[in-house]
Amino acid sequence: MNEQVHNNLSVSELVEIALARNEGVLASSGAFTVHTGKYTGRSPLDKFIVDEPSVHEHIAWGQVNRPISAEYFEKLHQEVKQYLESRERFIFDGFAGADEKYRLPIRVINEFAWQNLFVHQLFIRPTEAELEQHEPQFTIIAAPGFKADPANDGTHSEAFIICSFEKRIILIGGTHYAGEMKKSIFSVLNYFLPFRKVFPMHCSANKGQDGDVALFFGLSGTGKTTLSADPERYLIGDDEHGWSENGVFNFEGGCYAKCINLSQEKEPQIWQAIQHGSVLENVVLDQESLEADYADGSLTENTRAAYPIDYIDGAVIPGVGGHPKVIIFLTADAFGVLPPISKLTKEQAMYHFLSGYTSKLAGTERGITEPQATFSTCFGAPFLPLQPSVYAQMLGEKIDTYKTNVYLVNTGWSGGPYGVGKRINLPYTRAMITAALNGSIENAAFSEHPTFGVFVPDQVAGVPDEVLDPRSTWVNKEEYDSYAQDLAARFQRNFEQFSQVDENIRAAGPKA
């Protein structure tokens, strides 16, 4: 039996051991490439929170936050520990949270060297002095080779992601997908930080040359990564942040980018970051040249690249910034009815934050023949242990306190729905975001949209005036009105779940 335990190995050491153990291969770029088998994405039905007295009344129990008993957790905990005792183990000690006042010391125990490389790159790496004094406050135990027995273990399947807030332990088994580790810690921070008056957010953040900070919220396919990676600005982080009385701080020390159809031309920063020490998940390599084929989605459309943030030129290290001047909500409206940019009141911002709207396109999934509205509460529903109103209230308080401007930007369609209209020109979108960031958009005259109630500017530098009014881009104006009313009704139906929300926020939504 090999009971060797490796503590905080270097990148080169982890790569060397992972290669020796045949856990994956090196791509021509130098990135360590793995296939995760059956699970190529998160497994939400296999995620549980231990129902413990100290957390019971705080958790928003339901489809996202599924309870499991302390007895089942303890049984699995002992079985996983016993499973790992006879195996080589890899330990990473580090932090989540770039603001030292609020950072969470974590420990990750891995069965595989490549997964330990992943967490080494994704979380915040300690200095030697910090490592000597490191005392973990939360531990992930990741044993992908251990499979649960649902009949005996109380799980949904062989895979499980179980968080005990009282024991401060996350158990992961049965799935090799590394994103479960990243998002488990995000969920932990989403639970604890609001109690410390820190607003946790599923967003990217950057800052300008004058230090002005901007946040970008948006679901998959809305352009969050592309639009926040601005060569004129500096990346604070690409995915998870907190907003405290000190300002914004990144939860992570790395990035976990989708790389399906990645191109050097469109995403040069991400392309350059995929090098030695990076991890590629489920990316197909050419068998001879070992070059990555980013267009190949045969294993999954959810191909991923993990790399430390300092692989991005101009990244802000440590990942901290001031209070945001601007918040951008991104949506890809495939119905073609939302304005390409509009300004939101505080109540509208809270409404659209709770809604978390974008749309799925025809052809992206089997059975989808026309655009479908998609709503993800607070732009991060799978990772929110507390009631959504907690996070929305914090957003409203931050907007009030720091006078932050909030804009809704539609990166989707104009002139008609998907299949009829066209995707809004990316240079136009960039020009609109630039105007929001530099404040020049505030020189425009704004008019209230009759259906959505948001405030639409009459001009933006670099954008034709007619593009700003979505109705004017449709040939059939009555058809536009019909589509707009239909989307407004979808918003309203979705918002029925927030019956406890203040009436002023409820009234700030679209008028069907």
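The values are calculated or read from the model by the stated rules, or taken from the named source; none is laboratory data. Just so it is clear, the model here is predicted, and its values are computed rather than measured. In this analysis, Cβ positions are derived from the backbone assuming ideal geometry, glycine residues included, and neighbour counts consider all displayed protein chains. The protein model used for the area step is the full one, side chains on, heavy atoms only, and it has no ligands, DNA or RNA in it. Shrake-Rupley method; radii C 1.70, N 1.55, O 1.52, S 1.80 Å.
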| said: So, Ile312, is that one among the hydrophobic types (A, V, I, L, M, F, W, C), in contact with a Cys (Cβ under 8 Å, 6 or more places away or on another chain) and at pLDDT below 95 or not? | reply: yes
| query | Here are some conditions: (1) within 30 Å of the chain's Cα centre (by Cα); (2) crowded, with 16+ Cβ neighbours inside 10 Å; (3) not in a strand (DSSP E or B). Tyr480 meets all but one. Which one does it not meet? | reply | (1)
| Search result, residues across the stretch 10-31 that are closer than 18 Å to Phe92 by Cα and hydrophobic (A, V, I, L, M, F, W, C) | Val11, Leu14, Val15, Ile17, Ala18
| Tally, over the stretch 151-186, of residues that are assigned to a loop (DSSP other than H, G, I, E, B), among the small types (Gly, Ala, Ser) and buried (at least 19 other Cβ atoms within 10 Å of the Cβ) | 4
| query | Before we move on, is Val284 in contact (Cβ under 8 Å) with a residue 40 or more places away in the chain and of a type in the set (A, V, I, L, M)? | reply | no
| task | Can you run down the residue pairs with Cβ atoms below 7 Å, 6 or more apart or on separate chains, where the first is in the stretch 40-52 and closer than 21 Å to Lys258 by Cβ and part of a loop (DSSP other than H, G, I, E, B) and the partner is basic (Lys, Arg) and modelled with pLDDT of 95 or more? | result | Arg42/Lys183
| request: Among the numbered conditions (1) under 30 Å from Arg506 (Cβ atoms); (2) not in a loop (DSSP other than H, G, I, E, B), tell me where Tyr418 comes up short. | output: (2)
| Does Asn410 fit the bill of being open to solvent by less than 20 Å² (accessible area, probe 1.4 Å) and of a type outside the set (A, V, I, L, M, F, W, C)? | yes
| task | Tell me, please, whether a residue that is part of a helix (DSSP H, G or I), out of contact with any Asp or Glu (no Cβ under 8 Å at 6 or more places or on another chain) and open to solvent by less than 50 Å² (accessible area, probe 1.4 Å) can be found in the stretch 356-371. | result | no
| Quick one: what pairs do we get from the stretch 422-450, first residue farther than 21 Å from Lys325 by Cα and touching a residue at least 12 places away in the same chain (Cβ under 8 Å), second polar (S, T, N, Q) and surrounded by 17 or more Cβ atoms within 10 Å (Cβ to Cβ), C-beta under 6 Å, 6+ apart or different chains? | Ile424/Ser414
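Okay, residues lined up against (1) at pLDDT 95 or above; (2) in contact with a Lys or Arg (Cβ under 7 Å, 6 or more places away or on another chain); (3) more than 22 Å from Val420 (Cα to Cα); (4) among the β-branched types (Val, Ile, Thr):
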residue	(1), (2), (3), (4)
Thr331	yes, no, no, yes
Ile341	yes, no, no, yes
Gln348	yes, no, yes, no
Gly356	yes, no, yes, no
Leu361	no, no, no, no
Glu365	no, no, no, no
Ala373	no, yes, no, no
Thr377	yes, no, yes, yes
Phe383	yes, yes, yes, no
| field | Condition broken by Arg490, with the remaining ones in (1) assigned to a loop (DSSP other than H, G, I, E, B); (2) open to solvent by 10 Å² or more (accessible area, probe 1.4 Å) satisfied | value | (1)
| In the stretch 444-459, what count of residues is obtained for those that are open to solvent by less than 10 Å² (accessible area, probe 1.4 Å) and either assigned to a strand (DSSP E or B) or not aliphatic (A, V, I, L, M) (or both)? | 3
| request: Go over the candidates Lys325, Lys343 one by one and state the one that is over 23 Å from the mean Cα position of the chain (by Cα) and either in contact (Cβ under 8 Å) with a residue 40 or more places away in the chain or open to solvent by less than 10 Å² (accessible area, probe 1.4 Å) (or both). | output: Lys343
